[in-house]
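The values are calculated or read from the model by the stated rules, or taken from the named source; none is laboratory data. Just so you know, these numbers come straight off a predicted model, no measurement behind them. Backbone-built Cβ (ideal geometry, glycine too); neighbour counts: all protein chains shown. Just so you know, the surface numbers come from the protein's heavy atoms only, side chains and all, with ligands and any DNA or RNA stripped out. Shrake-Rupley method; radii C 1.70, N 1.55, O 1.52, S 1.80 Å.
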Amino acid sequence: MTNKRIKTIVLNDIAEQQKKASDISKYEQALSLYDTNIDEKQVQEAVKSIIAQKVIENDNPEVKRFLLGSVELTSLKTTDTEERILAMTEKVNEFANSYPTLPHVAAICVYPAFTELVSNSLEVDGVEITNVTGNFPSSQSRMEVKIAETSLAIQDGATNIDIVMPVGKFLSGDYEGVCDDINELKQACGDVPMKVILETCDLGNLSNVKKAALLSMYAGADYIKTSTGKEKAGATPEGVYVMCQAIKEYNEKTGIQIGIKPAGGINTVMDAIILYTIVKEVLGEKWLTNYWFRLGTSRLTNLLISELTGKDTVWF
């Protein structure tokens, strides 16, 4: 091999390395604008203080009504059938007749296989159709497949899209790959709001939760969401607190408002009130609408209706 050939190979290799370094640096540069070194004990104490001092004032019918109107009524089971999803949709259609003084849910969340069915059956204005796409819940698929599934879901009538951040790429430090995946799916969504699920229970620590939240927002997320509900844990007060901090700091630097959706593990009305209180205390009143604040749950719906009506209810 000639010296000229060797030099060409070396120069090409250097150029490629520089290109990679440049690509990665833009994400590292974004993260460098923020303090991502989270003191977990400090977060625990802050959350404990909020719960002790502020939750009691939010344990009231007005907040419970708000929470009901923020629920994304969700069915993401392997055993889902057209009959089950149609029955859920009809429940939403009939809700105003059954409970005329209560707000309807914010959205129905289903797999893309049922989107067209829900779109053709839903009769209530203001209820969104959320789809989980991008090879939910693992996000482990070819990008072409993720884009196709997302695009078809929107074509069938989805008005919100929930995707999962590629957690494996994040844990391996491939921030470029993480952001590219999210950005490509956001391009497929266009104007349709896209939530990025961080799967916080798999990230290892709260510093990673903040990094994942920031990367997702810079890559195009319209909302950040805690969990798929398919892993070992769901939303935690500490995880939501850190995500709210990231949203607040991002909003202060960019002027862009990002929504939040706790999901998974919301088993009681008090669980939801605690999460509401954290959002209120960290982000403020501007986020307390059923557009910017969503809850991914189903069991909570019955519990809220029961408390608001004073009668044990199994509505769904």
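With runs of 4+ DSSP H residues as the only contributors, calculate the mean residue ellipticity of the chain at 222 nm using -39,500 (n - 2.57) per run, divided by the residue total and rounded to the nearest 500.
-18000 deg cm²/dmol
Can you put 139, 49 in order of accessible area, largest first, using a 1.4 Å probe?
Per-residue accessible area, sorted high to low, gives 49, 139.
Solvent-accessible area of residue 268, probe 1.4 Å, all protein chains present, reported in Å² to the nearest ten, please.
Ignoring ligands and nucleic acids, residue 268 comes out at about 60 Å².
Would you list 186, 248 from the most to the least accessible area, probe 1.4 Å? It would help to have the intermediate numbers written out before the result.
Numbers: 186 35, 248 85 Å².
My answer, sorted largest first, is 248, 186.
Please work out the Cα convex hull volume for region 148-206 and give it in Å³ per residue.
On the way: hull volume 5.1 nm³, N = 59.
Residue-normalised Cα hull volume stands at 87 Å³.
Let me understand the chain better: what is its radius of gyration from the alpha carbons, and its Dmax, in angstrom?
Computed over the Cα atoms of the chain, radius of gyration and Dmax are 21.2, 86 Å.
Can you list the residues, at least 5 places off or on another chain, whose amide H is less than 5 Å from the amide H of residue 263, using H built in the peptide plane?
So residue 263 has HN proximity to 226, 227, 235, 296.
Taking amide H positions as placed in the peptide plane 1.01 Å from N, state which residues far from residue 164 in sequence (5 or more) or on other chains have amide H under 5 Å from it.
Amide H neighbours of residue 164, under 5 Å, 5+ apart: 197.
For region 230-316, state the average projected area of the convex hull of the C-alpha atoms over all orientations, rounded to one decimal in nm².
Quarter of the Cα hull surface area: 6.4 nm².
Residue 287: accessible area at probe 1.4 Å, nearest 10 Å²?
Its accessible surface works out to 10 Å², give or take rounding.
Just name one of 293, 241, 218: the one whose Cα is farthest towards the positive end of the charge dipole of the chain (beta-carbon charges, Lys/Arg +1, Asp/Glu -1).
Among 293, 241, 218, the one farthest towards the positive end of the dipole of the chain is 218.
Diagonalise the Cα gyration tensor of region 68-138 and give the resulting equivalent ellipsoid semi-axes, square root of 5 times each eigenvalue, largest first, whole Å. Write down the numbers at each step before the final one.
Numbers: eigenvalues 93, 33, 21 Å².
Result for region 68-138: semi-axes of 22, 13, 10 Å.
Pop out the carbon and sulfur fraction of the accessible area of the chain as a percent, whole number, probe 1.4 Å.
49 percent
Determine ³J(HN,Hα), in whole Hz, for all residues of region 71-81 in sequence, where each value follows from phi through the Karplus function 6.51 cos²θ - 1.76 cosθ + 1.60 and θ = phi - 60°; x replaces Gly and Pro.
In residue order, the calculated couplings are 6, 9, 5, 10, 9, 10, 9, 4, 8, 4, 10 Hz.
Which aspartates and glutamates, on any chain, are close to residue 26 with Cα under 13 Å apart, when same-chain ones fewer than 8 places away are left out?
174, 176, 180
Could you tell me the relative contact order of region 199-273? Use alpha-carbon pairs under 8 Å, at least six residues apart, and round to a whole percent. Can you show the working numbers first?
On the way: 95 pairs, mean separation 27.5, N = 75.
After rounding, I find 37 percent.
For the chain, set up a Gaussian network in which alpha carbons nearer than 10 Å are linked by springs, and say which option among 213, 153, 233 fluctuates the most.
Answer for the Gaussian network model of the chain: 233.
Report residue 314's accessible area, 1.4 Å probe, all protein chains in place, as a number in Å² to the nearest 10.
The accessible area of residue 314 comes to roughly 130 Å².
State the extension gain, in nm to one decimal, for the chain segment bounded by residue 230 and residue 53, taking 0.36 nm per residue of separation less the distance between their alpha-carbons.
60.5 nm
For region 77-225, compute the orientation-averaged projected area of the C-alpha convex hull (one quarter of its surface), in nm².
Result: a mean projected hull area of 9.6 nm².
Compute the signed sum of charges (Lys and Arg +1, Asp and Glu -1) over the other residues within less than 11 Å, Cβ to Cβ, of residue 184. Mind dumping the intermediate values first?
Working: positive: 146, 186; negative: 144, 180, 181.
Local net charge: -1.
Over the chain, with the other protein chains present, what is the accessible area per residue in square angstrom, probe 1.4 angstrom?
That works out to 47 Å² for each residue.
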